[in-house]
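Below is one structure, written out as structure tokens, with a few remarks after it.
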Amino acid sequence: MTGPNPTTAAPDAAGTPVTLLIADDDEVTRSGLRTLLAVQPGITVVGEASDGVDAVEQAQRLRPDVVLMDVRMPRRNGIEATRQLLAESAAPPKVVVITTFENDGYVTAALSAGASGFVLKRLPVRQIAEAVRVAAAGEAILFPAALRRMVSARPLDSAEALPRAALTVREEEVLRSMATGQSNPEIAESLRVSLETVKTHVGNVLTKLGAQNRTHAVVIAYESGLVVPGLAG
């Protein structure tokens, strides 16, 4: 892979496989992903979907841990499918956007809709599989340089302004660190605070921003101007 690596996470201690639904309108791509991912350690592919409507229906029926979601699909795109899944499911799956181009404006919109991160279709399958496992573990899949390029190239007309007055100085520091792709242990080390303190700050940041997850908070940071594309990281 060329460029930054996604956040990594330890395998499930219990050894429970991550269940995965693959949503892509291209049958060859979908079939190829299923064949390749089905043999990756710790992943069980439970279904496929050919468009956004099918993705929502299959996810609600099969209840996978993760949906690997293409964004450009007929009937309902991946953005709307992600938003619907998160809004209507009692225990929604994690959504990982899969795309061909890292400057795709749809990806930024999907992250704002609540997707946990994104991967590129050109990545080796083992890295896509790792991204699925990372998302299932509740971590963000951040490619900071790519995310900066996307937000810089195509900023969203978002109504969500960063409420700077509501964030403490330390919380702004933590958000800036998150925007560079630092994990909680890395933030703790750089700020010289405990891991539990970082977790508390991250939780406060998400609550105050109204962010659905860590990735969404980073998108808001870029869009609001707290982090300037090309200057962070």
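Over the Cα atoms of region 87-127, the radius of gyration divided by the Kirkwood radius equals 1.03; this is the Rg/Rh ratio. Considering all different alpha carbon pairs of region 52-112, the Kirkwood hydrodynamic radius works out to 11.4 Å.
Which order do the peptides 41-53, 127-139, 75-87 take when ranked by the mean count of other beta-carbon atoms within 10 Å per residue, highest first? Let's see the in-between values first.
Working: 41-53: 18.6, 127-139: 22.4, 75-87: 20.8.
Taking the mean over residues of other Cβ atoms within 10 Å, the ranking is 127-139, 75-87, 41-53.
Among the protein heavy atoms of region 32-142, carbon and sulfur supply 48% of the accessible surface, probe 1.4 Å, non-protein parts ignored.
The values are calculated or read from the model by the stated rules, or taken from the named source; none is laboratory data. This is a predicted model, so every value here is computed, not measured. Positions of Cβ are backbone-derived with ideal geometry, glycine not excepted, and every protein chain shown enters the neighbour counts. These area figures cover heavy atoms from the full protein model, side chains too; ligands, DNA and RNA do not enter into them. Shrake-Rupley method; radii C 1.70, N 1.55, O 1.52, S 1.80 Å.
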